[in-house]
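Take a look at the structure below.
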Amino acid sequence: MSTPIVGLIMGVIFGASLVLTGLTNPDKIIAALRLKDFYAIRTVAVFLLVGMLGTWILDLFGAANFDIKPAVILTVLIGGALLGIGLGLTGFGPATGLASAASGRIDALVTVIGMIFGTHVYILIYPSVVVPLERILNLGNVTLPQITGASAAFWVVPIFAAGSLVLFITRSREPRDDEQRIKAGNSGINEAFLDRPILIPEETGSLLRSDCLKAAYVFRRWKNLLFLVMLLCLLLVQGSFWLVSTGQVEIAENTNPGTTVVPGADIMQAGQAAVPAEESPSPWLFGFDVTFERLTSIVRIANNLLVLASVLYALIMYFGLGVSFKGGLGGLAHICGALYMALIIFVLLLPWQNFFGPIAMGATYTLNELARWCTTDISDMFGMVLFYLRFTGYWALVMLLLLLAQLRSFRWARAILR
Amino acid sequence: MEESNSRTPPLPWWAAGILLGLVQVLAVALVNPMGVSEPFVVADAKVLNRVAPEYSENHPLLSDEQYKKFGYSGWFNIGIVLGACLAALHLRAWKVRTVSAWWKQNHDAPALLRLIAGFCGGVLILLGARLAHGCITGQFISGWTQLSLSAIPFTITLFGFGMLVAYLVYPKAPNRFRREE
């Protein structure tokens, strides 16, 4: 396809998405700059994070086209300031201005005409002003990974994780009315909310109830966070299982803590262990090669985190039950179910094999155990079934329970917060 | 109309962000990260080449090959106009408007002032965008997408001055934001 047609199609998609997302509305932009409405900020943040992650993934496959702008710090600072002034004055950026003008805003149309004049001013001052300015502090077309010497993953993964975590924690607590209801409860009787059925006449009762509602908010937030942590850990553990069992990561025998290898004592074993470690870099994963030892420590951390998080998860369910009982908030059946499931998850996750040996097993597994399973011969049908049942089936059971618990407690939250 | 329009964004923020992010990823995969302000220069260069060929021959920017072809990014801008128009028609949001809700709340002056402010803002927007080698899409979004160094100073001054000016020009929030304060 020729580039003009690709450009036209991409432009149509981008312009339509700008209108669909509401970013063409100058009120949204001004409200965001005045920190009154975080819709635009959150949208742009997700835009950035998804774009960053997607570009990085494309780059791993060598399919990304980069167009790094020169880091001329001085002119970039000045340009950013001018653009910021224009943005704060009008509520339009170049792209949203064009799109907004196309959806019928006369002020946007005038802004676009202003932009054309701005271009002309830029061209006129370019030889005398811009060229000398661009000689100052020109660092060239560099990226953050280049100047820090770290891989792109080192930047993308933490930024993406931190950004999405912040967005998740600070997301709007859905129905705005709830907060007003709490406020109304706190300040006694507020006429504006008298028609709401939740307000009961006795001041003490409504105070207690609004207090319990607030506590339920806190519990819900922590519960969701813990759920995410557990989900991540479970996925990590299962992912490492597949990495090992499909042979992407070679099993290094000497990581078994039972056989500590004294350097030079057993040359044969050390040599055997060293060769596969060199041959098995998986640079596609996170930019650094995943070796068996690293994976082992990651899985160990994930296991500990899982057990800890499941304890806290069950505890929070218990407190949530108490709060909704005390405050008469309802939703008791849901939270009871969720509590039981959380307890079962906790019991299943405990590493029973450490206490009772092979007769009882927890759903978590260390990679040493996995290595033992992998190295023993499991060619027969029964062995295979047992193998996958132990490492994937058991895991899937815990995952299912976790999802069910989260679903139940979600229903609880919805029931009491309504 | 404006208030009701801005109160209910067509998509929730996460869906909106993911949609825009995927558009960017598609652009990176197909041709180049998105950018909007460059074609303005190209279009102006075309006009100047026709009107004052001697001037543009000696001009360091206009004589640059990069600014002579109206290719991908030019058509990209035309596409934005087209796509936005279609989407607005589809949402039944195509309506002639001159002032925004925030402007109405803060300035009793006639709409003409809004247009003048819009024009001055437009001049500053494109001048700033070209000085910074990219606009909000090209420098801020695409810059962060590619983790380029220049995105950091740009972000700082863009939002610093943006928030300052927005605070000066629009001190009063429209009614629906009052209650939440």
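The values are calculated or read from the model by the stated rules, or taken from the named source; none is laboratory data. Keep in mind the model is a prediction, meaning the values are calculated, not measured. Quick reminder, even Gly has a Cβ in these numbers, built from the backbone with ideal geometry, and neighbours come from all protein chains shown. These accessible areas exclude ligands, DNA and RNA; they are computed on the full protein's heavy atoms, side chains included. Shrake-Rupley method; radii C 1.70, N 1.55, O 1.52, S 1.80 Å.
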Subject >> Candidate set: segment B:92-129, residues that are at the interface with chain A (Cβ under 7 Å from one of its Cβ atoms) and more than 16 Å from A:Phe92 (Cα to Cα); chosen: the one surrounded by the fewest Cβ atoms within 10 Å (Cβ to Cβ) >> reply: B:Val96
**OP:** Quick one: which residue in B:Tyr67, B:Tyr170, B:Tyr72 is within 7 Å of chain A (Cβ to nearest Cβ), open to solvent by less than 20 Å² (accessible area, probe 1.4 Å) and of a type in the set (Phe, Trp, Tyr)?
**Re:** B:Tyr170
Original post:
Looking only at segment A:22-41, which residues are open to solvent by 30 Å² or more (accessible area, probe 1.4 Å) and assigned to a helix (DSSP H, G or I)?
Top reply: A:Ile41
Original post:
Identify, please: which residue in segment A:97-107 is in a helix (DSSP H, G or I) and farther than 24 Å from B:Lys46 by Cα and is, among those, farthest from the other protein chains (Cβ to nearest Cβ)?
Top reply: A:Ser100
Original post:
Which one is least open to solvent (accessible area, probe 1.4 Å) among residues in segment A:361-402 that are out of contact with any Leu (no Cβ under 6 Å at 6 or more places or on another chain) and outside any helix (DSSP H, G or I)?
Top reply: A:Tyr365
Subject >> Failed item in (1) facing another protein chain (nearest Cβ under 8 Å); (2) open to solvent by 10 Å² or more (accessible area, probe 1.4 Å); (3) in contact (Cβ under 8 Å) with a residue 24 or more places away in the chain, with B:Phe159 passing the rest >> reply: (3)
Original post:
What do you reckon, is A:Ala81 within 29 Å of A:Leu144 (Cα to Cα), facing chain B (nearest Cβ under 7 Å) and at pLDDT 90 or above?
Top reply: yes
Original post:
When you scan segment A:403-418, how many residues do you find that are open to solvent by less than 10 Å² (accessible area, probe 1.4 Å) and of a type in the set (A, V, I, L, M, F, W, C)?
Top reply: 4
**OP:** Inspect all residues belonging to segment B:44-62 and state whether any of them is facing chain A (nearest Cβ under 8 Å) and of a type in the set (Val, Ile, Thr).
**Re:** no
Subject >> Yes/no for A:Phe47 being of a type in the set (Phe, Trp, Tyr) and part of a helix (DSSP H, G or I) >> reply: yes
Original post:
Of all residues in segment A:1-21 being within 7 Å of another protein chain (Cβ to nearest Cβ) and either touching a Phe, Trp or Tyr at 6+ places or on another chain (Cβ under 8 Å) or within 22 Å of B:Leu168 (Cβ to Cβ) (or both), which is most open to solvent (accessible area, probe 1.4 Å)?
Top reply: A:Thr3
Original post:
Which condition number does B:Val41 fail, the rest of (1) more than 8 Å from chain A (Cβ to nearest Cβ); (2) buried (at least 19 other Cβ atoms within 10 Å of the Cβ) being met?
Top reply: (1)
Original post:
What about B:Ser73, is it touching a residue at least 40 places away in the same chain (Cβ under 8 Å) and in contact with an Asp or Glu (Cβ under 9 Å, 6 or more places away or on another chain)?
Top reply: yes
Original post:
A:Thr111: open to solvent by less than 40 Å² (accessible area, probe 1.4 Å), under 19 Å from B:Trp144 (Cβ atoms), within 7 Å of another protein chain (Cβ to nearest Cβ) and in a helix (DSSP H, G or I), yes or no?
Top reply: no
Original post:
Among the candidates A:Gly140, A:Gly62, which residue alone is touching a residue at least 40 places away in the same chain (Cβ under 8 Å), more than 7 Å from every other protein chain (Cβ to nearest Cβ), out of contact with any Leu (no Cβ under 7 Å at 6 or more places or on another chain) and surrounded by fewer than 20 Cβ atoms within 10 Å (Cβ to Cβ)?
Top reply: A:Gly140
**OP:** Could you please let me know if A:Phe117 is closer than 26 Å to A:Phe160 by Cβ and either open to solvent by 30 Å² or more (accessible area, probe 1.4 Å) or more than 30 Å from the chain's Cα centre (by Cα) (or both)?
**Re:** no
